[in-house]
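Following: one structure in structure tokens, then a few remarks.
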Amino acid sequence: MANQSAKRVTQQNAQRMSLLSKLFIGINAFYIFIRLVFQYRSLSWTGSIMYLATAGVETLLYMNLYSVSRPRYDPGGVLVSSGTDLSQPGLVSYMFDYIYISWFVHVLSLLTKWAWALYLVIPVYVGVLAAPYVKQFLGSRSSSEPAPSAEDEAKEKKRREKKERKQQRAKYVRA
């Protein structure tokens, strides 16, 4: 029963990467087929460059997800590491989000050239996530925090002075 959770993570990662691989190949092949066979006349340099750029980033993220999700075995065949759990929140979920957004934009761009503007959602989302940290860094107060009153400042000053006096007192040690 040892390493049961690691084996479960390995199995879930393998299933998720298998599905991701099939969708990755299927959606990109569908886009290329439709674009080259049925919409060849509407093919433009800008559309092609945008597809290649976004598909390139998508491929890099896919390869990264594939490499971090692979389990590691020792020479005896014993599982050493199950790889990164692909269901965890954080950077891994953001990679999946980008891949899903790319697929949606690629399919939608078959209908309209304005679909590429949906990539603006990503920096807006990053801005929404980063706003509280930027506010905290810049030192601005939120509306829920009241400004300290003169009374509070006086109490704080008195507390600091008392603490300083206490530190300046001679300390006696028993011998």
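The values are calculated or read from the model by the stated rules, or taken from the named source; none is laboratory data. Just so you know, these numbers come straight off a predicted model, no measurement behind them. Because the Cβ atoms are built from the backbone with ideal geometry, glycine has one as well, and the counts that use them run over all protein chains shown. Areas reflect the complete protein model, heavy atoms only, side chains present, ligands, DNA and RNA absent. Shrake-Rupley method; radii C 1.70, N 1.55, O 1.52, S 1.80 Å.
Observations on the structure shown:
- Meets criteria (more than 16 Å from the chain's Cα centre (by Cα), closer than 20 Å to residue 18 by Cβ, hydroxyl-bearing (Ser, Thr, Tyr) and modelled with pLDDT under 85) for residue 67: no
- Within the set 8, 41, the sole residue that is part of a helix (DSSP H, G or I), charged (D, E, K, R) and surrounded by 10 or more Cβ atoms within 10 Å (Cβ to Cβ) turns out to be 8.
- Pairs with Cβ under 8 Å, 6+ apart, first in segment 106-124 and free of Cβ contacts under 8 Å to residues at least 12 places away in the same chain, second surrounded by 14 or more Cβ atoms within 10 Å (Cβ to Cβ) and outside any helix (DSSP H, G or I): 115/109
- Among (1) closer than 21 Å to residue 115 by Cβ; (2) of a type in the set (S, T, N, Q); (3) open to solvent by 40 Å² or more (accessible area, probe 1.4 Å), the one test that residue 48 misses: (3)
- Neighbours by Cβ (under 8 Å, 6+ apart or cross-chain): first from segment 58-80, over 23 Å from residue 29 (Cα atoms) and of a type in the set (D, E, K, R); second outside any helix (DSSP H, G or I) and open to solvent by 50 Å² or more (accessible area, probe 1.4 Å): 72/80; 74/80
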